[in-house]
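J.: I'd like to ask you about the structure that follows.
The values are calculated or read from the model by the stated rules, or taken from the named source; none is laboratory data. Keep in mind that what you see is a predicted model, and the values were worked out from it rather than measured. Backbone-built Cβ (ideal geometry, glycine too); neighbour counts: all protein chains shown.
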Amino acid sequence: MIYRKVQDIVLEDVFLELPGFVPGIQLLLKIEGVNPAGSIKMKTASGLVESLESDGLLWDGARLIESSSGNLGIALGMVCAQKGHPLTIVTDPNVSPQAEKMMRALGTDVVKVTRRDSNGGYLKTRIDYIRRRIACDPRLIWLNQYANRANVTAHRDGTAEHLYKEVGSPDALVVGVGTAGTLMGCVEYFAAHSPATRIIAADAEGSVLFGGPPAPRYIPGIGASRTPEILDSSWTFEKVVVGEAETVRMCRRVARRYGVLVGGSTGTVLVAAERAGASLSEGSRMVAISPDLGDRYTDTVYSDSWVAEHFPQAVDGAGEDAAAG
Ligand SMILES: Cc1ncc(COP(=O)(O)O)c(C=O)c1O
């Protein structure tokens with residue numbers, strides 16, 4: 001297969017079955033990490049930039065600006081480099097050194113804010129920074145994935161439609177929530193094409209998305225310290241909140257049992273899938289969306305010393321430090 005643009009290398013037909021994960025239930029993990037950006041955000045990035053282009057809102061001399069904890073920044077870095085659009089990514093100290101280096105290697109201008117917001121995260125600080133910049137520089141265009149409908153349509157017409165075409169109507173579909181683009185895209189698509197599919201939204205404890213109290217969090221991508229404008233709770237979906245220690249334990253358990261290193265948020269999604277499995281009948285089929293793989297988490301989720309420092313209750317001796325001994 002010959003591709004003409006890096007962002008077109010998105011494989012929508014990759015599902016990994018996890019036999020026995022929930023006894024009596026078929027669980028399929030939709031692997032979104034197998035593209036050059038390494039995450040589901042390749043589709044979000046293409047959707048955000050292409051909607052500006054098709055609406056005629058991207059002029060010569062414009063610079064795009066966006067807030068990202070890593071994955072969207074890398075994906076936008078690729079899309080903007082390929083298309084020749086200048087890009088600034090506003091991130092925070094939780095960004096991995098690897099992600100920051102990748103963005104810079106793609107020619108992206110990376111700005112790191114350092115002040116925690118009133119919810120203990122950095123999202124509000126990043127957004128305040130962007131608002132100040134766009135107020136005094138008319139060349140800047142803010143993509144704003146938290147409020148941009150193109151984030152939802154990228155997943156409705158991409159992720160959800162492909163999933164449905166590949167596996168039909170699962171009994172349950174589990175989706176992690178950060179900006180809620182993937183969730184709302186799936187909710188809208190399945191409401192129209194497979195309303196019997198239960199949509200289960202997984203969030204992290206310490207995130208405010210489903211009304212819980214804010215607290216500092218360490219797993220990037222999932223959860224938020226402010227409610228995204230595109231999250232519309234008037235649609236029908238179930239909400240599950242997972243503690244980060246449980247997330248870390250799940251990632252490490254799946255690595256040893258199935259030989260696949262999944263990203264942090266996939267651990268959250270799988271804990272939600274395990275809980276949902278208890279209410280599904282024998283022979284049901286469940287799909288869980290895995291936004292990225294674990295290579296970006298070897299210094300965090302899969303590092304014994306990092307886990308011992310942040311989640312001592314999740315230590316199991318399964319990470320790289322144990323392997324070296
Ligand atoms: C690793 C990871 N998991 C989950 C998500 C959540 O996806 P969404 O922003 O569509 O809610 C993201 C988004 O950045 C992510 O990078």
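J.: Mind telling me which of the residues T236, T182 ends up being within 14 Å of the ligand (Cβ to nearest atom) and either over 17 Å from the mean Cα position of the chain (by Cα) or of a type in the set (S, T, Y) (or both)? So that I can check it myself, show each step before the final result.
T.: Details: T236 fails: within 14 Å of the ligand (Cβ to nearest atom).
Step by step, each of T236, T182 is checked, and only T182 is within 14 Å of the ligand (Cβ to nearest atom) and either over 17 Å from the mean Cα position of the chain (by Cα) or of a type in the set (S, T, Y) (or both).
J.: Given (1) more than 14 Å from the ligand (Cβ to nearest atom); (2) surrounded by 17 or more Cβ atoms within 10 Å (Cβ to Cβ), where does S69 come up short, assuming only one miss?
T.: (1)
J.: Identify, from the list D203, D232, the residue that is exposed (fewer than 15 other Cβ atoms within 10 Å of the Cβ) and acidic (D, E). Walk me through it before giving the result.
T.: Numbers: D203 fails: exposed (fewer than 15 other Cβ atoms within 10 Å of the Cβ).
Going through D203, D232 in turn, the sole match is D232.
J.: Scan region 13-32 for residues that are part of a loop (DSSP other than H, G, I, E, B) and surrounded by fewer than 24 Cβ atoms within 10 Å (Cβ to Cβ) and report the count. Step through it out loud before you land on a result.
T.: Going residue by residue through region 13-32, those that are part of a loop (DSSP other than H, G, I, E, B) are 13-14, 18-25, 32.
The next check asks that each one be surrounded by fewer than 24 Cβ atoms within 10 Å (Cβ to Cβ); those that pass are 13-14, 18-25.
Result for region 13-32: 10.
J.: Is it true that L48 is outside any loop (DSSP other than H, G, I, E, B) and within 14 Å of the ligand (Cβ to nearest atom)? Let's see the steps before the verdict.
T.: Working: outside any loop (DSSP other than H, G, I, E, B): yes; within 14 Å of the ligand (Cβ to nearest atom): yes.
Yes, satisfied.
J.: Scan region 133-152 and tell me whether some residue there is more than 30 Å from D60 (Cβ to Cβ), more than 13 Å from the ligand (Cβ to nearest atom) and out of contact with any Lys or Arg (no Cβ under 9 Å at 6 or more places or on another chain). It would help to see each step written out before you state the result.
T.: Of all residues in region 133-152, those more than 30 Å from D60 (Cβ to Cβ) come to none.
No, the conditions are met nowhere in region 133-152.
J.: Follow-up question, since we're still on this one. Find all pairs meeting these conditions: Cβ atoms under 6 angstrom apart; at least six residues apart or on different chains; first residue within region 121-146 and in the same structural domain as L48 (by TED's automatic domain parsing); second residue aromatic (F, W, Y).
T.: Qualifying pairs under 6 Å: I130/W142; I134/W142.
J.: Within region 270-279, can you find the residues that are within 16 Å of the ligand (Cβ to nearest atom) and either over 15 Å from G20 (Cα atoms) or not assigned by TED's automatic domain parsing to the domain that holds R252 (or both)? Walk me through how you get there before you give the answer.
T.: Applying the first criterion (within 16 Å of the ligand (Cβ to nearest atom)) to region 270-279 yields 270-273.
If the condition is that a residue be within 16 Å of the ligand (Cβ to nearest atom) and either over 15 Å from G20 (Cα atoms) or not assigned by TED's automatic domain parsing to the domain that holds R252 (or both), then A272 is the only one that fits.
J.: Out of the residues in region 280-320 meeting the condition of being polar (S, T, N, Q) and away from the ligand (no atom under 16 Å from the Cβ), tell me which one is nearest to the chain's Cα centre (by Cα).
T.: So the first thing to find is which residues in region 280-320 are polar (S, T, N, Q), and the list is 281, 284, 290, 298, 300, 303, 305, 313.
Narrowing further to those that are away from the ligand (no atom under 16 Å from the Cβ): 281, 284, 303, 305, 313.
Numbers: S281: 29, S284: 26, S303: 21, S305: 25, Q313: 25 Å.
Once the filter is applied, the top-ranked residue is S303.
J.: Check off (1) assigned to a loop (DSSP other than H, G, I, E, B); (2) buried (at least 24 other Cβ atoms within 10 Å of the Cβ) for S169 and give me the number that stays unchecked.
T.: Unmet for S169, out of (1) assigned to a loop (DSSP other than H, G, I, E, B); (2) buried (at least 24 other Cβ atoms within 10 Å of the Cβ): (2).
J.: So G243 ticks every box in (1) closer than 12 Å to V177 by Cα; (2) surrounded by fewer than 19 Cβ atoms within 10 Å (Cβ to Cβ); (3) at pLDDT 95 or above but one. Which box is left unticked?
T.: (1)
J.: Follow-up. When you look at V79, is it within 21 Å of D292 (Cα to Cα) and either surrounded by fewer than 18 Cβ atoms within 10 Å (Cβ to Cβ) or β-branched (V, I, T) (or both), yes or no?
T.: So V79 passes the test.
J.: Run T197 past the list (1) touching a Phe, Trp or Tyr at 6+ places or on another chain (Cβ under 7 Å); (2) within 14 Å of the ligand (Cβ to nearest atom); (3) more than 19 Å from G264 (Cβ to Cβ) and report the number of the one that doesn't hold.
T.: The number of the failed condition is (2).
J.: Being crowded, with 24+ Cβ neighbours inside 10 Å and charged (D, E, K, R) is the filter here; which residues of region 33-65 pass it?
T.: K41, K43 - these are the residues of region 33-65 that are crowded, with 24+ Cβ neighbours inside 10 Å and charged (D, E, K, R).
J.: Something else: Pick from G120, G38: which is within 13 Å of the ligand (Cβ to nearest atom) and at positive phi? Step through it out loud before you land on a result.
T.: Details: G120 fails: within 13 Å of the ligand (Cβ to nearest atom).
Going through G120, G38 in turn, the sole match is G38.
J.: Could you grab the pairs with beta carbons closer than 9 Å, sequence gap of 6+ or different chains, first residue in region 155-174 and within 12 Å of the ligand (Cβ to nearest atom), second one aromatic (F, W, Y) and in a helix (DSSP H, G or I)?
T.: Within 9 Å, the pairs are H155/Y189; R156/Y189; T159/Y189; A160/Y189; A160/F190.
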